[in-house]
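Take a look at the structure below.
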Amino acid sequence: MLQCPAARDKRYGTHQVSPAIYTIKPGAYPNEFIPAHIHTSIKEPGIANEYYIDEFVFDDDPLLTTAERKKLERRGGSGILRLQEQSGIQVAEHDIVLGLNVPNYPSNLGERNESGLPIGEESPSFTPFHAWGPDKGSTACPVCKYGKNYGILYFVGNSPDWPEIKKWLKFLEHESGRLAENLKVYFVYGNAQHYSAANRNQELDALGRSQGIRHLAITFVPSLGDQESEVHLNQINPKITNTFVIYKNRIIIDRYTDLRPTEQNLKRLFTKIR
């Protein structure tokens, strides 16, 4: 069963709720090395022609190699489905971002992504250094190790506001403890100014201790454009105050920038997390 919780328009946000689709899981073509897939196309109101979005493929397919993943055009977002067993049925959830990466799609009406990848894209692998938390001392990839459930990546670049950061960490620590294994939260600090790995590690270690952090991970990278850690793949703008990326099964389901730690914003951050 494929559940489509929402079709999202990159110009207007959530468009409509879609029904579940019940089908069989296809096999690969005989005598070929193409991953098993489901063909899909979209017809939108107000758009003259229907268009194809990425074929749905399956994350556990041995034919879905790294080379095959790179071939995906990501029309409408990542087409990689991650199946979970529910009452004897394999279930995958997938958000379709209308118009994303579609050639000749009507132009965006003014919205521009200030920071972070679009909703519907796959959250990329990267290796921050863990200064505090369960993986302290390692460079464990957030989405590789914990990407099967919900995750929050809280990025801060060259404009840290420490009183606000501490408020966010306090709230996110509480929610991490409440939701346990269903949620993993990462603070990713990428201030390139006066960077020293030893000093940064000491600074964030002290932060974790002083704030009584037990669940969430406090990590850092040399800068948010660093290529060695591959954090640059997240396309985070280092000049803004913060970027929050929310993912489920590695797929980005929500994103916010320049969020103040107010009661209203605390609720907004968890809108998509159930």
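The values are calculated or read from the model by the stated rules, or taken from the named source; none is laboratory data. None of these values were measured; they are calculated from a predicted model. Note that each Cβ is placed from the backbone with ideal geometry, even for glycine, and that neighbours are counted across all protein chains shown.
Observations on the model:
- Residue in segment 219-268 that is farthest from ALA192 (Cα to Cα), counting only those that are at pLDDT 95 or above and of a type in the set (Ser, Thr, Tyr): THR243
- Against the test of being of a type in the set (S, T, N, Q), touching a helix residue (DSSP H, G or I) at 6+ places or on another chain (Cβ under 8 Å) and part of a loop (DSSP other than H, G, I, E, B), the options SER138, SER125, SER159 yield a single qualifying residue, SER125.
- A single member of LEU204, LEU224, LEU216 is more than 30 Å from PHE58 (Cβ to Cβ), of a type outside the set (Lys, Arg) and over 20 Å from the mean Cα position of the chain (by Cα), and it is LEU204.
- In segment 214-240, the residues that are surrounded by 16 or more Cβ atoms within 10 Å (Cβ to Cβ) and hydrophobic (A, V, I, L, M, F, W, C): LEU216, ALA217, ILE218, PHE220, VAL221, LEU224, VAL231, ILE236, ILE240
- Residue that is modelled with pLDDT under 75, within 17 Å of ILE251 (Cα to Cα) and either in contact with a His (Cβ under 8 Å, 6 or more places away or on another chain) or among the β-branched types (Val, Ile, Thr) (or both), where the choices are ILE80, ILE47, ILE53: ILE53
- Candidates are the residues of segment 189-213 that are surrounded by 14 or more Cβ atoms within 10 Å (Cβ to Cβ) and of a type in the set (S, T, N, Q); the one that is nearest to LYS167 (Cα to Cα) is GLN211.
- Yes/no for LEU63 being surrounded by 12 or more Cβ atoms within 10 Å (Cβ to Cβ), within 30 Å of GLY190 (Cα to Cα) and at pLDDT 85 or above: no
- Of the numbered criteria (1) closer than 21 Å to GLU230 by Cα; (2) buried (at least 17 other Cβ atoms within 10 Å of the Cβ), the one SER138 fails is (2).
- Residue selected from segment 112-162 under the condition basic (Lys, Arg) and under 20 Å from GLU181 (Cα atoms), by the criterion nearest to the chain's Cα centre (by Cα): LYS148
- Note on segment 166-188: among residues that are aliphatic (A, V, I, L, M), touching a residue at least 40 places away in the same chain (Cβ under 8 Å) and crowded, with 20+ Cβ neighbours inside 10 Å, the one that is nearest to LEU266 (Cα to Cα) is LEU172.
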